[in-house]
1. Taking H placed 1.01 Å from N in the peptide plane, check which residues at least 5 places from A:G231 or on another chain put their amide H under 5 Å from its amide H.
2. So how do A:Y136, A:Y607 line up by other beta-carbon neighbours within 10 Å, fewest first?
3. Report the net charge of residues surrounding A:L43, where surrounding means a beta-carbon distance below 13 angstrom and charges are Lys +1, Arg +1, Asp -1, Glu -1.
4. Report, in whole Å, the centroid distance computed from the Cα atoms of region A:139-160 and region A:35-51.
5. Return the sequence-ordered ³J(HN,Hα) values of region A:486-496 in whole Hz as given by the Karplus equation 6.51 cos²θ - 1.76 cosθ + 1.60 applied to θ = phi - 60°, using x for Gly and Pro.
6. Return the Rg/Rh value of chain A, two decimal places, where both radii are evaluated on C-alpha atoms and Rh is the Kirkwood radius.
7. Only helical DSSP H runs with n ≥ 4 go in: add -39500 (n - 2.57) per run for chain A, normalise by residue count and round the 222 nm mean residue ellipticity to 500 deg cm²/dmol.
8. With axes computed from alpha carbons, what is the tilt in degrees of helix A:665-681 against the longest principal axis of chain A, rounded to the nearest 10 within 0 to 90?
Amino acid sequence: MVYFCIMNYPQIHDKWRKFWQDNNINKFNPNDKGKKYYTLEMLPYPSGASLHLGHFFNFAPSDTHARFKRMCGFNVFHPMGFDSFGLPSENHALKTNTHPEDNTNKNIEKFISQLEQLGGMYDWDYSFSTHDVDYYKWTQWLFIELFNCGLAYQKDAAVNWCGDCQTVLSNEQSQGGVCERCDSEVERKQMKQWFFKITDYAEELLKGLDKIDWPNKTKAMQRNWIGKSEGAIITYPTNACDIQVFTTRVDTIFGATFIVIAPEHPIVQKVTTKDRKPDVDAYISAAAKKSDIERMENHEKTGVFTGGYAINPASNLPVPIYVADYVLYTYGTGAVMGVPGHDARDHEFATKYGIEIKKVIQNNDTNEFTEEYGTLINSNQYNGLSSEVALKTITNDLKKKKLGFLKTTYRLRDWSIGRQRYWGVPIPIVYCDKCGVVPVPMSDLPVTLPYLQDFKPRGNAPLSNDENFVNCKCPTCGINAKHETETMDTFVCSSWYFLRYMFAKRDDVAFDVEMTNKWLPVDKYIGGAEHSCGHLLYSRFITKVLKKLGHVKFDEPFSSLVHQGMILAPDGQKMSKSKNNTISPDKYIEEFGSDILRLYMLFGFNYIDGGPWNDGTLRTITKFPERVMRLIEKIGTDKETDNNVQHVRATTIKAVREDLDSFSFNTAVARCMEFANAITGAKIVSRESVRDLVLLLAPMIPHIAEELYSKIYPNKIQSIFNQKFPKPIAKHLEKSTIEIVVQINSKIKERITIKTDATQDEVMKLCANILEGQTPKKVIYVQNKLINFII
RNA sequence: GCGGAUGUGGCGAAAUUGGCAGACGCGCUGGACUUAGAAUCCAGUGGGCAACCGUGGGGGUUCAAGUCCCUCCAUCCGCACCA
């Protein structure tokens, strides 16, 4: 289908992009006047050959917001970069039989040209890719900062291993037991690994959520991921040793009729009696083989009796000790007290293995115990206490006997950051036989990633095959030593990048402290919700560490966060290559230019929700800028004289300002259309009204708005982005008369026009004939809205 | 199981503090201009002939409920044997 266009959109785009470039319109200077405004989109992985529709839906509306802020007088910093290290780029390179470096550089070039086509207000002097040596040198610096204060450490631990990617993954990258990148099942593997001690910041990460303007969902996800729970650690003595259990329900301790220990727990060996040992050993080795997925899928509880008993410290009764894989070794103490009377899982287990079930908590509604508790000793003194008070009282009593104490635990685990892969930042550590683990000194950074021909992952770090890289001198004592050959998780690269943009070209510091404290935190951060428990958590952690180390003064990186919705295929399904329902932005840009694509994205969806793609709406939206063009051609006077247009003009300006500020782009476009309708309806088209309309549209259709603006003022050559965003004229916001609704018994009877801000008496006089002589029992009057007579 | 959402015309969607439901646009219908219309302009467009009825269902509060409360249903997303 060919549409007749009065404007050659693609040509307009090229023309104004060149104009911006020639006149440095997008240049950023941190010292310019205007209040600072730092707005940022999550930096893209340049792993694919070109930007996809999702990128556009992220970047184009964000750019509209940035341009709006600029026209409002802010000094707007809106940089863009590329998250070029890591599995996505490397896996793509492996698949396409290219080298990640060549491939990545090529992709970045293409990305930049597309971002330019999109009309993004980027100053490329403030840009980098995370695989640039000048950038990752400072990622290594960051690692050493963490290492020096004990937050980067090595330990032998069970880690998530992806067999397909041949590398360790963090918990965040293997949620649900599946590799985030390739969807294959993750195994558990015991190995020595580098970690960042994010758990030290669990409480701060939790508390910080209260003071940032983020979507509730994201905060809830982080809270859930951190998983704070307050409870107590109770000691259950046995003949062999003490068993510590963690519980949030100390108040149910009199109902604890057994103990369960996780199969991996070393204490199992101690408490197991000799005659039962074979059973237990067999069970443990079987449990160890189970993958997380099997564990998750199989919710039926299995376990085995160890033969041993522990003493319930509250009742002094002996309770049997079981090993069962429904208890997680990595959470709490790896052992729990089984309270089948009050916990569904314990109940299921106790029923299966014939363990005694006791109920000990009063039922608040009936004030009766629902089952017998006759065997309990000493429990009466706790009856009637709330769970919270009982917890404190009982814990205090146990504390006196040195059998328990209050304890807060978190689900959050330390962040495993070492990767047995090639395409990442080399960890700047040297192993010396004499000095041990030595951080590479600042003066020796960067530890450069060599260009390896063979970087295929085979389980060990590819860098370990490069002798030139491995062999080095110990920075401390000078003897022959070896470099660490693992690289860092790509999320380390992206955990601090927002600090670097402004200093992208500085090679003496990672970032300038004074300027950073002036420009950060980021005012508006925009990106997908999928990073809630990864990147967004890591960035907060690193920021808090940097604050503690005195490098920055703020402790949250992103004061306000927006997640864009997802654009779905026309059938409402997620777009995916395998379903063959993807839509490429390129053909639309070629045909209409990026502004039309942008306008459609702004108008056709609620930004936060997203929704299915509709080709028809995109095509018909091309008509709107042409309508504005026709209005310009009809300009007959400079000043606006039409009262209605004046009113619509003022209210539109006010509404659009609010809408663009709050990412309500679809209504902003709608307001502009209403304004255009009002101008169309007037007897004569005024230059100043059309000018305001085009100014309002400028952030949304930057290239076309420049063209329209140049038609309004054909004798001046100036960028619309150096003009001020319109402000509403106060006196035109209010109309002198207003229509209000007259209701009788809450049903609408009539609409009357009356002067604005009329009093109830004035309105009632006008309503006399509507009431037809009836006297209302009650009158509700809402000024400028309605009057309701109850008869 | 826990947590977060969402549910409004034929379609995409609007609707501060409860105050004219469906703005704006698409589509559709009719008209104008046209050799023509898939361009443009004008008019109409939730349902119903009406009284009335309409925001997932059912209750409730209120003069007034898409909006607040209770309850149920459906869909989506995240986490999940977290003691």
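Rule-based calculations on the coordinates, nothing more; no lab input. This structure is a prediction, so every number in the text was calculated from the model and none was measured. For neighbour counting, all protein chains shown are included, and Cβ atoms are generated from backbone atoms with ideal geometry for every residue, glycine included.
1. Correct list: A:K407, A:T408, A:T409.
2. The fewest-first ordering by Cβ neighbours comes to A:Y607, A:Y136.
3. Charge balance near A:L43 sits at -2.
4. If we compute the Cα centre of each part, the gap is 27 Å.
5. Running phi through 6.51 cos²θ - 1.76 cosθ + 1.60 with θ = phi - 60° gives 7, 10, 8, 3, 4, 5, 5, 4, 8, 7, 9 Hz.
6. Result: Rg/Rh = 1.07.
7. -11000 deg cm²/dmol
8. The answer is roughly 10 degrees.
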